[in-house]
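The values are calculated or read from the model by the stated rules, or taken from the named source; none is laboratory data. What you see is a predicted model; the values in this text were computed from it and never measured. All Cβ positions, glycine included, derive from the backbone under ideal geometry; neighbour counts span all protein chains shown.
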Amino acid sequence: MPADCEAVGRRSLPPALLIAGLGGLTLLSVVLFLTLGAKGSWSFILAFRGTKVAAMLLVGYAIAVSTVLFQTITNNRILTPSIMGFDVLYRLIQTVLVFQLGSAAVTAFDPRLRFGIEVGAMVAFSWLLYRWLFSGSMRGLHLLMLVGIVFGVLFRSLAGFLQRVIDPNEFLAVQDRLFASFNRVDGRLLLVSALVVLAVSVAVWRKARVLDVLALGRDAAINLGVDHRREVMQVLAIVSVLVAVSTALVGPVTFFGLLVANLAYLLVDTNRHRLVLPVAALVAMLVLICGQIVLERLLGFNGALSIVIEFLGGIVFLVILVRRAAR
Amino acid sequence: MIEVRNARKSYGETVVVDDVSITVPAGGVISLIGANGAGKSTLLSIISRLLPAPAGTVMVEGMDVTTTPGDVLARRLSILRQDNQMTARLTVRDLIAFGRYPHSKGRPTVEDRGHVERVIRYLELEAVAHRFLDELSGGQRQRAFIAMVLCQDTRYILLDEPLNNLDVKHAVAMMKLFRRTADAFGKTIILVLHDINFASCYSDRIVAMRDGRIAFEGPPEEIITPAVIREVYGVEAAIQEIDGKRVALYFR
C-alpha cells in the first residue's frame with residue numbers, strides 16, 4: 001500500500017523495470033508466435049494466428065487475475081477458483097448440451113449464444129452458491145469452499161454418468177471439448193469476451209486498495225472499516241465472470257492459475273494488487289504463448305496445451321505444498 | 001462511552017456470553033480478566049462487530065456497531081485479536097501503514113506517514129521496520145500488530161491478550177505505553193489480560209468475567225482480593241501490597 005521503495009524492492013527488481021521487462025518479453029513472444037515458421041499467405045497466417053494469440057492473451061489475463069483475486073479473499077495461496085467446482089460445472093454443461101441436443105446440433109449453435117449460456121450458467125451457479133451460504137447465520141469461506149468441492153464431485157459424477165450413457169461418437173465429441181485448446185477458439189467470441197474482461201478489469205483496478213486490505217484477513221479488514229461480506233461477494237462475482245469467460249473460450253485449465261499467481265508472488269515480493277495483478281497477468285500471457293510456441297513449433301504437436309500446463313502446474317503445486325510443510 | 005446491553009452469544013448449546021450488560025466510560029485503561037473460556041474474547045469481538053451477536057446491542061458513542069458503516073466505526077474503534085495469521089507477505093512498515101487505511105483509504109498523506117514513523121519509534125521497531133513479518137520472532141510480530149492498531153489512532157482501542165509472546169521487558173514497556181496513551185491522549189483502552197498483576201498495576205478498572213457473565217467490576221483495590229480471585233479463577237491467592245500496588249501471589 002505505501003509506496004515505499006525500500007520495502008518493495010528489497011529482494012526483487014524495481015516494479016517499473018519488472019513490468020517493462022515482462023511486457024517486452026510478452027511482446028517478443030507474440031511476434032515470435034505470429035512469424036515463426038510462417039510459410040505462404042501472410043494475410044491468412046496473421047489472421048489465423050492472430051486469433052489464437054488474442055485468445056491466449058485474454059485467457060492468460062483472465063486466469064491470472066481470477067486466481068490472484070480468489071487467493072486474496074480466501075487468504076490462501078494454494079487455492080484456485082477450480083476448487084469451487086467451476087471447471088466441472090463447465091464439463092457438466094457441455095455434456096448436458098451434447099446429451100440433450102446431439103453433437104451436430106451443438107456445433108451448429110451460434111457460438112455466441114452457446115458462450116452466453118455457458119458464462120451465464122457458471123456465473124449464476126456461483127452467485128447462488130455464495131448467496132445461499134452467506135445469507136444464513138454467518139458461516140465462513142471455508143464452509144463455502146467445502147460445499148464447492150462437494151458440488152464439484154456431484155457435477156463430475158453427473159457428467160460422468162451422462163458420458164457413459166450417451167452414444168460413443170457423441171462421447172468423443174464431448175471429450176474433445178473438455179481439453180483446453182486454443183485451436184478451436186471462435187473469433188466471433190473474442191470481441192465479446194474482451195469487452196466483458198475489460199469491464200471487469202476496470203472494477204478490479206478501482207478496488208485494488210480494498211483488495212490489499214482484504215488480503216489481511218477478515219478480522220483485520222473489518223477492523224479497518226471494510227465491509228468484508230459485501231466486498232467478498234463482489235470479488236467472487238468478478239472471479240466467476242473471469243473464470244467463466246476463460247473456460248468457455250478454451251476449456252478448463254486447472255493448475256495454470258496456481259502456477260502464475262505463485263510465480264507473480266515470487267517476483268514482486270509485495271502485496272500491492274496494483275503490482276501483483278499486472279505481473280501475474282503478464283506472466284500468464286508469457287507462459288501461455290511460450291508454451292504454445294514450444295508445443296507447435298518445437299514439438300510439432302498441435303494438440304491440447306492443457307496437458308503440458310497441468311503437468312507443470314501439478315509439479316509446482318506439489319513443490320509449494322512440500323515447501324510449506326517443511327517450514 | 002461504550003454501552004453493551006444484554007449481549008448474548010452461544011456456540012451450539014454452549015452459551016459463551018450470557019446476557020452481558022456493561023458500560024465503559026471514556027478514558028482510561030480497562031482490563032478484562034477471567035479464566036479460559038469465560039467469554040472475554042467473545043465479548044471483545046461482539047463489541048468490535050467482528051462477531052455478530054444474535055441478541056443485545058452495542059453502542060459506541062451512541063453509534064450502534066451493527067448498523068454504523070464500517071469505515072465510520074473504524075475511525076472510532078480498533079481491535080486486535082489474539083491470533084493474527086497472515087498469508088500476505090508484508091513488511092512491518094507496510095503492516096503498520098494499513099492502520100491509516102480508515103483515514104486515507106490507501107492514499108497515505110504526509111500526516112499519515114508521520115503517524116507511521118511515530119508509532120514505529122514508540123514501539124522500538126525501527127530496526128525491523130523493513131523486514132517481512134514472517135521473518136520476525138513472535139514478540140516482534142505481536143508488537144508490529146499492536147503498532148498497526150495504535151496507528152489507526154482511534155478513541156477506543158480493544159486488544160485481546162496484547163502481551164502474548166512478549167518478554168518481561170517488552171510486556172512492561174507495552175503496558176506503560178498503554179497507560180501513557182490513555183493518560184496523554186484520553187484514549188479508552190480495553191485489554192484482555194491473563195496476568196492479573198499487570199491488570200492490577202496498570203488499569204483504572206478491572207472487569208472480571210466468569211461463565212459468560214460479568215462477575216465483578218471495579219478499581220483494582222476491589223478486584224484484586226483473595227475472595228474475588230477465588231471466585232473467578234478458583235485458586236487461592238495471597239495479596240501483597242508493594243509500592244501501593246496490589247500484587248497477587250498464586251504460585252503455591
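Of all residues in the range B:52-80, exactly one satisfies the criterion of being surrounded by 17 or more Cβ atoms within 10 Å (Cβ to Cβ), part of a loop (DSSP other than H, G, I, E, B) and facing chain A (nearest Cβ under 7 Å), namely B:Ala74. With a requirement of 3 or more residues that are outside the structural domain of B:Gly28 (by TED's automatic domain parsing) and among the basic types (Lys, Arg), none of the strands (runs of 3 or more DSSP E) lying completely within the range B:149-252 satisfies it.
Look at (1) touching a residue at least 40 places away in the same chain (Cβ under 8 Å); (2) of a type outside the set (Gly, Ala, Ser); (3) closer than 30 Å to B:Gln85 by Cβ and you find that B:Asp167 fails only one, number (1).
Looking at B:Asp160, B:Asp94, can you tell me which residue is charged (D, E, K, R), under 15 Å from the mean Cα position of the chain (by Cα) and within 11 Å of chain A (Cβ to nearest Cβ)? Within the list B:Asp160, B:Asp94, the selection yields B:Asp160.
Look at (1) surrounded by 13 or more Cβ atoms within 10 Å (Cβ to Cβ); (2) in contact with a strand residue (DSSP E or B) (Cβ under 9 Å, 6 or more places away or on another chain); (3) not hydroxyl-bearing (Ser, Thr, Tyr) and you find that B:Lys245 fails only one, number (2). Restricted to the range A:220-257, and to residues that are among the hydrophobic types (A, V, I, L, M, F, W, C) and within 14 Å of chain B (Cβ to nearest Cβ), which residue is surrounded by the most Cβ atoms within 10 Å (Cβ to Cβ)? The residue in question is A:Ala220. Every listed requirement among (1) within 18 Å of the chain's Cα centre (by Cα); (2) surrounded by fewer than 21 Cβ atoms within 10 Å (Cβ to Cβ); (3) part of a loop (DSSP other than H, G, I, E, B) is met by B:Arg49 save one, (2). Within the range B:87-131, the set of residues being surrounded by fewer than 17 Cβ atoms within 10 Å (Cβ to Cβ) and aliphatic (A, V, I, L, M) comprises B:Val110, B:Ala127. Could you look through the range A:142-174, keep only residues that are touching a residue at least 12 places away in the same chain (Cβ under 8 Å) and of a type in the set (S, T, N, Q), and pick out the one that is surrounded by the fewest Cβ atoms within 10 Å (Cβ to Cβ)? Checked the range A:142-174; the qualifying residue surrounded by the fewest Cβ atoms within 10 Å (Cβ to Cβ) is A:Asn169.
I'd like to verify a number: residues in the range B:97-108 that are more than 7 Å from every other protein chain (Cβ to nearest Cβ) and charged (D, E, K, R), how many?
Final tally of qualifying residues: 2.
Only one of the listed residues (B:Arg113, B:Arg118, B:Arg107) is assigned to a helix (DSSP H, G or I) and touching a Lys or Arg at 6+ places or on another chain (Cβ under 9 Å). That residue is B:Arg113. Within the group B:Ile22, B:Ile30, which residue is among the aliphatic types (A, V, I, L, M), within 15 Å of the chain's Cα centre (by Cα) and more than 30 Å from B:Glu135 (Cα to Cα)? The unique qualifying residue is B:Ile30.
Could you tell me whether any residue of the range B:81-91 is under 24 Å from A:Lys207 (Cβ atoms), in a helix (DSSP H, G or I) and facing chain A (nearest Cβ under 9 Å)? Within the range B:81-91, not a single residue is under 24 Å from A:Lys207 (Cβ atoms), in a helix (DSSP H, G or I) and facing chain A (nearest Cβ under 9 Å).
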